[in-house]
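Some notes on the structure that comes next.
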Amino acid sequence: MVDMEPFCEYCEFGGDRVYLLVALARAKENEGTTSNAAPAIRKVVESEGELARKAAELAHAASRFDERFRLYLTANARDALKATFELRRSMDDWLEGRIHGDEGVRGKFKRVDGEFLSTLQSDACRDETNFVFDLDDATAADRDTLVEDLRGHTEVALTRETPNGYHVVTEPFNYNELTTAVEYELKTDGMVFVSYLDG
């Protein structure tokens with residue numbers, strides 16, 4: 001059972017806001033799997049009450065594969081209505097291409113549900129702009145130092161231990177003004193590590 005309790009307070013649902021839970025089999029953790037062929041399974045989460053259930057559904061789905069999966073949550077809520085309009089625009093382009101003989105778009109019509117999830121996860125459909133500071137090979141002291149340095153600039157919304165370090169999620173701010181000795185990678189529309197999905 002995946003513990004989703006820390007995310008219940010973090011996530012803000014309402015209106016057209018949703019989040020995506022993503023089960024991802026990373027190539028570097030699964031011998032014989034390439035980045036292009038690594039399985040990824042996504043679920044839309046519409047309310048706090050769905051977090052644990054959707055995580056359990058993903059755990060069940062991942063158990064059918066041989067690969068080891070990680071579970072992630074989008075750090076930024078997504079706008080489902082905006083994604084619907086974005087997908088409609090894309091579908092108009094597919095239709096036009098199909099009318100003009102583009103056979104390559106034929107497959108897109110067969111997997112509209114997957115296309116919607118991809119559109120929903122795109123930068124264009126985020127409903128907020130939280131930052132994920134990804135600390136690889138970092139200690140708890142490194143995390144604490146970064147959190148303290150960040151507090152002078154923004155609100156720290158969530159910290160999560162990852163297999164290789166930590167994720168620190170903040171509200172948006174002018175990150176060019178941040179001075180810290182801690183090494184990090186900044187992701188402006190990243191995902192937060194939740195847990196491994198071990199069958």
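The values are calculated or read from the model by the stated rules, or taken from the named source; none is laboratory data. Here the structure is a predicted model, which is why all the values come from computation and not from measurement. Methodologically, a virtual Cβ is constructed for each residue, glycine included, from the backbone with ideal geometry; neighbour enumeration extends over all protein chains shown. Keep in mind that these areas ignore ligands, DNA and RNA; they rest on the heavy atoms of the full protein, side chains included. Shrake-Rupley method; radii C 1.70, N 1.55, O 1.52, S 1.80 Å.
Details
- Residues of the range 84-132 classified as assigned to a helix (DSSP H, G or I), in contact (Cβ under 8 Å) with a residue 24 or more places away in the chain and under 23 Å from Val192 (Cβ atoms), total: 8
- Only residues that are part of a strand (DSSP E or B) and at positive phi were counted across the range 133-157, and they come to 0.
- Residues of the range 183-195 that turn out to be in a loop (DSSP other than H, G, I, E, B) and open to solvent by 20 Å² or more (accessible area, probe 1.4 Å), as a count: 4
- Identity of the residue in the range 13-52, modelled with pLDDT of 95 or more, in contact with a strand residue (DSSP E or B) (Cβ under 9 Å, 6 or more places away or on another chain) and in a helix (DSSP H, G or I), that ends up surrounded by the fewest Cβ atoms within 10 Å (Cβ to Cβ): Glu50
- Residue match in the range 82-93 (condition: surrounded by fewer than 20 Cβ atoms within 10 Å (Cβ to Cβ), within 28 Å of Phe173 (Cβ to Cβ), at pLDDT 95 or above and under 15 Å from the mean Cα position of the chain (by Cα)): no
- Residue in the range 134-141 that is open to solvent by less than 30 Å² (accessible area, probe 1.4 Å), aliphatic (A, V, I, L, M), within 16 Å of Tyr184 (Cβ to Cβ) and without any contact (Cβ under 8 Å) to a residue 60 or more places away in the chain present: yes
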